[in-house]
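Presented below is the structure to which this report refers.
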Amino acid sequence: MKTRGRVIGLMLAVMLVLAGCGAANNANDSKGGGTNNSAEPGAGGNQAENPGSKDEGVVADIKARGKLVAGVKFDTKLFGLKDPGSGEVEGFDVDIAKAIAKKLLGDESKLELKEVTSKTRIPMLNNGEIDLIIATMTITEDRKKEVDFSDVYFKAGQSILVKKGSSIRSIDDVTKDSKVLGVKGATSIKNIEEKVPGLKVQQYENYQEAFTALRAGKGDVLTTDNSILYGMMKQDNNYEVVGSTFTDEPYGIAIKKDEAGLVKLVNETLEEMKASGEYDKIYEQWIGEKPADE
Amino acid sequence: MIDLTVLTEHWESYFIGLRNTLFASLMALAGSFALGTVIAVFRISPIKVLQACGTAYVELFRNIPLLLVVYMFFLGLPALGIALNGFVSGTLGLMVYTSAFIAEAIRAGILAVPQGQTEAARSSGLTYVQTMRYVVLPQAVKIVVPPITNQFLNLVKNSSILGVVAGLDLMYYGDLVNADTYNTVDTYMFVALFYLILTLPLAYASRLMERRFARSG
């Protein structure tokens, strides 16, 4: 009995320690926010002391730091891919990040890119490691509860990638017994599981791992946005995207909640890029065709 | 505050994950103990070839990361035409990796029994098998129990590697719950609690066993 009590006591102690860690982190976060953000809502006193600055929240942080920190994918061809030779991260998302850095700081090189995955990006944004997420991220109602989004900057749709010669020719050929691969935390998983009742998708850490698993014969189908699948097709032409898209995936740039200033700046950047033709230029450069409309 | 809905709304995910982790751990545990014993016997056998095989096995699997051992089964074997799913490759990887450590623990235990014991037993007329059975092994077991149970505890915790190869274990489902709730701290805190449900009884049982052996000695 005595020992059992000790075991339960130990478990409680562990829970307390864990809960304590969580609380401590939150405390640090809000403290950090208070000191850095001269005009965070609620920090009214600070605002009065600093009337000259019109920048608020994260925008003020970025300008003080002289560098924009953007979370992009490092493993996604066409959008954000780290070139192992040069070490440079390149892609459509990266070019958008450069344009935002230029708008904010006047210089597109004042940009730090941090790697995010579908799994890590929201926690990293909310704990302040990155200022914004530009990482093939679909705008959804659920995510809007956690973060704010810019206007749509890319219109993708979910599709499927199969080995050439596969009997699966479109989403209609996928049954609940098909072996489908995807990535943890991606909206594409829910979409296809809803479309094919009873299907259980095998989920990997990132797209590179999922594609490696497909090539190792771990599944018949890899599903995600067509934009990412086209990149994989370029990587290994034994695989092809089949059928048409079966969802709309509007990509947005995610920003921490209550940072209207940064959302506005990002939207202005996007509008200016579209007006100047720069948007069409990078779209064509990466995707290989002109944007559909607008 | 801890958000209990993370647990209540994803109860099934946690439960399936816990069940699979338990299942993978038990299989890897039994397998690594059997395999580890064989390798230990190889290493202390008087036959040079067996010794070399045992040493090569231990040095290889003890000195490369567990993730790579698992990848070997998951991504390497398909090149040879053998396709295993994430659960099976993860469990095999775990078994092979842990068996190297267990082999070392068993070997050390047997070698720790002083040579004089064997000599005394043999000179009082016991055969080699009798010497092992009645003199050396009972003493070796006592020495071996603590390090082996440590390896078993490590094995249960290392089983989280299955999460990386879609092995449907507790960690895998934890990642999925996290993707669903965005509540990272609470999600993984419950994952940690579920691991404790598996490891604490194991730790407790090993302590009981140690005490029993200590008394019998």
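Observations, loosely collected:
- Kirkwood hydrodynamic radius over Cα pairs of the protein assembly as shown, then Stokes diffusion coefficient at 10 °C and 1.306 mPa s, in µm²/s: 60 µm²/s
- Cα centroid of segment A:207-275 to Cα centroid of segment B:161-181, whole Å: 22 Å
- Electrostatic dipole magnitude of segment B:5-216 [Cβ: Lys, Arg +1; Asp, Glu -1; Cα centre; debye, to 20]: 1160 debye
- Proportion of all alpha-carbon pairs of segment B:1-109 beyond 16 Å (%): 66 percent
- Helix axis angle, B:137-158 relative to chain B longest principal axis, alpha carbon, degrees: 20 degrees
- For residue A:256, the shell of other residues with beta-carbons less than 9 Å away shows a net charge of -3, using +1 for Lys and Arg and -1 for Asp and Glu.
- Pairs exceeding 28 Å between alpha-carbon atoms, taken from A:257/A:281; A:103/A:234; A:73/A:179: A:257/A:281; A:103/A:234.
- Relative contact order, percent, chain B [alpha-carbon distance under 8 Å, six or more residues apart]: 29 percent
- Net charge contributed by nearby residues that have their C-beta within less than 12 Å of residue B:184 (K/R +1, D/E -1): -3
- Packing-based exposure ordering (other Cβ within 10 Å, fewest first) of A:255, B:110, B:82: B:82, B:110, A:255
- In the calculated pair-distance distribution of segment A:158-247, the portion above 23 angstrom amounts to 8 percent of the Cα-Cα pairs.
- Charge tally for residue A:147 (other residues, Cβ to Cβ under 13 Å; Lys, Arg +1; Asp, Glu -1): -1.
- Of the three principal axes defined by the Cα atoms of segment B:5-216, the extents in descending order read 70, 46, 21 Å.
The numbers here are math on the coordinates, done by the rules we state, and not lab data. Note that the coordinates shown come from a computational prediction; the quantities given were computed from them, not determined experimentally. Heads up, the Cβs are rebuilt from the backbone with ideal geometry, glycines too, and the neighbour counts pull from every protein chain shown.
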